[in-house]
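J.: I have a structure here, written as C-alpha cells, and I will follow up with some questions on it.
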Amino acid sequence: MLETMSTPDRRPTVAQRLLADSTVFQWQNQTLGADLIFTLPIAVCLAIGLAIGHPGVGLLVAGGAANTGFGQKHRIDDSHLVPMIFVTLGMAFSGFVGVLLGHENLGLVLCAALWAFGYGMLTARPEGYAWVGLQCVITFLVASAFPASVKMAALRGLLLLAGGAVQLIISSLLLRRFHKLRDHLFELAFYVREERAALVAALSETAQSVRERRYLNSALPYALRLGLTVGLATEIYRRMHYPSGYWIPMTALLVLKPGLTDTVSRALARVLGTMCGAAAISFLLAHVNPSQLALAASVKPADLSRMVDAYQVFKPQRLVFTKLDETASFGPIFNEAVRTAMPLSFFATGQRIPEDLEEVTPVRLTSLILSGQGLRSRAVA
C-alpha cells in the first residue's frame with residue numbers, strides 16, 4: 001500500500017493524449033545519414049528532367065523517388081526494402097488509375113472508397129503494410145487532379161515507377177543493400193501469392209461478418225468508417241470541380257483513426273500545423289518580396305490584369321512573360337507593363353530552359369508588338 005502511495009501516476013493526462021501528435025517527437029527513429037542518401041536519387045531525377053528539357057517529367061519522377069524513399073522508415077518482414085518495393089508498384093498503379101478517372105468521374109468516388117477501405121483493412125497487419133496502403137490512397141487522390149487519356153495515364157504511372165526504381169537502385173547501392181534488393185525481387189512472386197491469399201481471407205471475413213452481422217476482423221469497423229468517410233469527402237471534391245480539392249478526402253484519410261482519442265489528436269495536429277504554416281507564409285509575405293512575377297502571354301488581357309493585381313501583395317518589381325509561342329497577340333504585354341509601371345525582364349518562347357528564355361530588349365518588344373514575326377519561326381525552328 002505504501003509503495004502504491006509513493007509511486008506517482010505516470011499515465012498521460014487527457015490533454016497529453018490529445019496533443020500527442022503535435023508535441024511528441026520520436027527522435028529515436030531519426031536516421032539522418034540514410035535520409036541524406038535518400039535525397040540523392042531525388043536530386044538525380046530533377047537534374048535529368050532539367051537536362052532533357054522537361055522539368056515537369058523530372059518533378060514527377062522525383063516525386064516517385066521521394067515517396068519510395070520514405071519506406072526507409074518502415075519495415076515488412078524485418079526489411080526496409082520490402083515496403084519500398086511494394087509502395088513503388090502500388091504507387092504506379094494507383095497513379096495510373098487516378099489520372100485515368102480524373103476528378104469529375106463518379107468512378108473516382110467508388111474507387112476512393114475502395115482504396116480507403118483496403119488501407120483500413122491493412123491496419124490490422126504489421127505497420128509497414130498499412131503505410132504502403134496509405135501512400136497508395138494518397139497517390140490515387142493526387143493523381144485524380146490531373147486527368148488524361150489512357151496513354152498519358154500509363155506514361156505517368158511508368159514515370160512514378162521509374163522514380164521508385166531509381167530510388168531503390170541508388171540507395172541500395174550506397175547503403176550496400178543491393179544483394180538484399182535482388183533477393184527480395186526474386187521473392188516477389190512469393191509475396192504476390194501471400195498478399196493474394198491475405199486478400200481472399202479478408203474478403204471472406206468481410207462477407208461472413210455481413211452475413212452474421214458481427215465483426216470477425218478488428219479492422220473491419222475502421223475500414224468501413226474510413227471507406228464511407230473518404231467516399232463522401234471525394235464526392236464533395238468531385239462536385240466542386242476544383243482540381244486541388246483532393247485535399248478534402250486526403251485530410252479525411254489522414255485525420256480519421258481507429259480510436260476517438262487518436263482522431264482528435266491528429267485533427268488538432270492538422271489544425272495547428274495549418275495555423276503555423278499560415279503564420280509562416282504571412283511573415284514571408286510581409287518581409288520577403290519576390291522580384292519577378294511570371295505570367296502567361298496567352299491569357300486574356302482582362303484576366304491578365306486581374307492576375308497582376310492579385311499578386312501585388314507580393315510587391316513584384318519586374319514582369320516575366322511565358323508561353324509566347326502559344327499566342328499571336330503581344331499588345332497586352334506592353335499594355336500591362338505600362339499600366340503597372342514595371343519593366344519586362346524575360347520572355348519564354350517554349351518549354352526548354354534556358355534555351356527558350358530570352359532577355360527582353362526594346363527591339364525585340366517592338367518587333368513583337370508591330371508584327372509578331374520571328375517568334376513563330378523561332379519556335380518552329
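J.: What Kirkwood hydrodynamic radius do you get for region 33-256 when you take the inverse of the mean 1/r over all pairs of distinct Cα atoms, in Å?
T.: 18.2
J.: For Ser209, Ser244, what ranking results if the residue with the fewest other Cβ atoms within 10 Å of its Cβ goes first?
T.: Ser244, Ser209
J.: Using alpha carbons only, how many angstrom separate the centre of region 288-350 from the centre of region 65-129?
T.: If you average the Cα positions of each part, the centres end up 40 Å apart.
J.: Follow-up question, since we're still on this one. Taking loop as defined by DSSP and a crowding limit of 14 other beta carbons within 10 Å, which trypsin sites (Lys or Arg not before Pro) in region 145-237 fit?
T.: Arg176, Arg213, Arg214
J.: Give me, ordered by chain and number, the residues 5 or more places off Ala145 or on other chains with an amide H under 5 Å from its own placed amide H.
T.: Close amide H contacts, sequence-distant or interchain: none at all.
J.: Still on this structure, I have one more. Work out how much length Ile52 to Leu155 would gain on full extension: take 0.36 nm times their residue separation and subtract the Cα-Cα distance, in nm to one decimal.
T.: Residue separation times 0.36 nm, minus the Cα-Cα distance, leaves 35.4 nm.
J.: Setting aside same-chain residues fewer than 8 positions from Lys257, which lysines have a Cα under 27 Å from its Cα?
T.: In chain and number order, the partners are Lys73.
J.: Continuing with this model, one more query. Can you pull the one-decimal nm distance between simple spin-label points at Ala296 and Phe70, each 7 Å off the Cα toward Cβ?
T.: Rounded to a tenth, the inter-label distance reads 2.9 nm.
J.: Continuing with the same structure: Over all Cα pairs of region 292-380, how is the pair count split among 10 Å bins, expressed in % and running from 0 up to the last occupied bin?
T.: So the P(r) values, bin by bin, are 17, 55, 26, 2.
J.: Still on this structure, I have one more. Just rank Lys300, Lys323, fewest to most, by other beta-carbon atoms within 10 angstrom.
T.: Fewest-to-most Cβ neighbours within 10 Å comes out as Lys300, Lys323.
J.: Could you please rank Trp115, Trp131, Trp247, placing first whichever residue has the fewest other Cβ atoms within 10 Å of its Cβ?
T.: Final ranking by Cβ density, sparse to dense: Trp247, Trp131, Trp115.
Every number in this text was worked out from the coordinates using simple rules, so none of it is lab data. What you see is a predicted model, and the numbers here were worked out from it, not measured in a lab. All Cβ positions, even for glycine, are placed from backbone atoms using ideal geometry, and neighbour counts span all protein chains on display.
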